[in-house]
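Report on the structure given below.
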Amino acid sequence: MVPLNDLSRAWVAKAPEVREAVNRVLSSGWYVLGPETEAFEAELAAFMGVKHAVGLASGTDALRVAFLAAGCVPESEVVMAANAGGYAAVAAANIGCNLVYADVDPRTLLLTKETIEAVLGDRTRAVVVTHLFGNVADTQAIVDTCRPLGIAVIEDCAQSIGAGDVGRRVGSVGDIAAMSFYPTKNLGAAGDAGAVITDDSRLAAAVRQLRQYGWTDKYRIDRERGWNTRMDELQAAILRIGLPKVDKLTKQRRAIAARYREALAGSQIQVVTGETPDHVAHLAVVRSDRRSALAASLKDAGVATAVHYPVPDHRQNALPRPARLTDLAVTDRAAEEVLSVPCFPEMTAFEVDRVTDALASASRR
Ligand SMILES: *Cc1c(COP(=O)(O)O)cnc(C)c1O
């Protein structure tokens, strides 16, 4: 069976440099928010083309503190897509924000300026733009709509590190961006980790307080709703080894996704991944109105699949009801049709061939 992913094959499991870094951190006696985190923050900010990066404990925490730094409080209205796995919704609901969902573009499955404009209200405080599957939303158009209205634009770059034009990577266009280094992400830690990036010194300072109890200095709590969401030094040291490899691994991901696109060109099965040019192929997502038949035929051909994501946010049992009802027809239909197939840099040529052939033969059926 070709697995959807296999993290044990990744460089991180084998690299002597990782063992060296782990030794270095363990023998340093400094384990949380120290020199490794600071160095990673500087390197991440340079890579993303922004002034500030702040290391955190997870991507969900990054979304949560991004909301808070952007001024969201209980009852603030926030707008987001409903097809992005529920992470932003969980983070916003955790603060007590009111959720409003915007529909997505039928081809890219991303928010657009138009779908956002259709749901903005007088009370909207922030919009979350998720660069889903590693595709790139047109954040600039969304910023141009939101900024004059005083609405913050938060980019969710958990699936899209390095995507976008060089010099204008995703995460550098909105006001503030959340990143995740969960092990399956394109830059993965050996555990949970995340970061916020921004060009705005005020927002960066707020996040630095929020990640550590609301402190300005030790034991001085000067900001409300602080929490403990610090990055740990082992993760930072491991991420510093992975960061310079991201662009090369992205090329490999893109090459795999390109094979699938080629095999399915002109067929009934749409490849969502790569519908925007500067994508990073975090997941290879295809779309079919006969999804269960497609999944079954891939399974018979020895190819694992998964659905990202089966339940849109507005249909989740334990997320708050949306503050306003909006038309989410494209989102609902996509949730019935999307299917992820294996796409990770360590796939063998044999495995890529097997997935490509299985997709091609399914598309002829
Ligand atoms: C993984 C993910 C997150 C959450 O990151 P964690 O580090 O797992 O908390 C947020 N948004 C998106 C789009 C993700 O894929």
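The values are calculated or read from the model by the stated rules, or taken from the named source; none is laboratory data. Given the structure is predicted, the values throughout are model-derived calculations rather than measurements. Methodologically, a virtual Cβ is constructed for each residue, glycine included, from the backbone with ideal geometry; neighbour enumeration extends over all protein chains shown. Quick note on the areas: whole protein, heavy atoms, side chains included, nothing else; ligands and nucleic acids left out. Shrake-Rupley method; radii C 1.70, N 1.55, O 1.52, S 1.80 Å.
Summary table below
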item: Under 14 Å from the ARG315 label point (7 Å along Cα→beta-carbon), backbone N, the range 83-103; result: 83-86
item: R0 of 22 Å, Cβ-Cβ distance SER28-ARG220: FRET efficiency to nearest 0.05; result: 0.25
item: Gaussian network model of the chain, Cα within-10 Å springs - most flexible of GLU336, GLU262, GLU155; result: GLU262
item: Bridge type composition, the chain - antiparallel percent by DSSP, nearest 5; result: 55
item: For the chain: accessible area per residue (Å², 1.4 Å); result: 43
item: Surface share of carbon and sulfur [accessible, 1.4 angstrom probe, percent] for the range 53-126; result: 47
item: 13 Å beta-carbon shell around HIS314, net charge (K/R +1, D/E -1); result: -1
item: Within a Gaussian network of the chain (alpha carbon springs, distance under 10 Å), most fluctuating of THR276, THR198, THR130; result: THR276
item: Over 31 Å between alpha carbons, listed pairs LYS113/LYS245; LYS51/LYS218; LYS113/LYS299; LYS185/LYS218; result: LYS113/LYS245; LYS113/LYS299; LYS185/LYS218
item: Mean residue ellipticity (222 nm) of the chain, computed from DSSP H runs ≥ 4 via -39,500 (n - 2.57), nearest 500; result: -11000 deg cm²/dmol
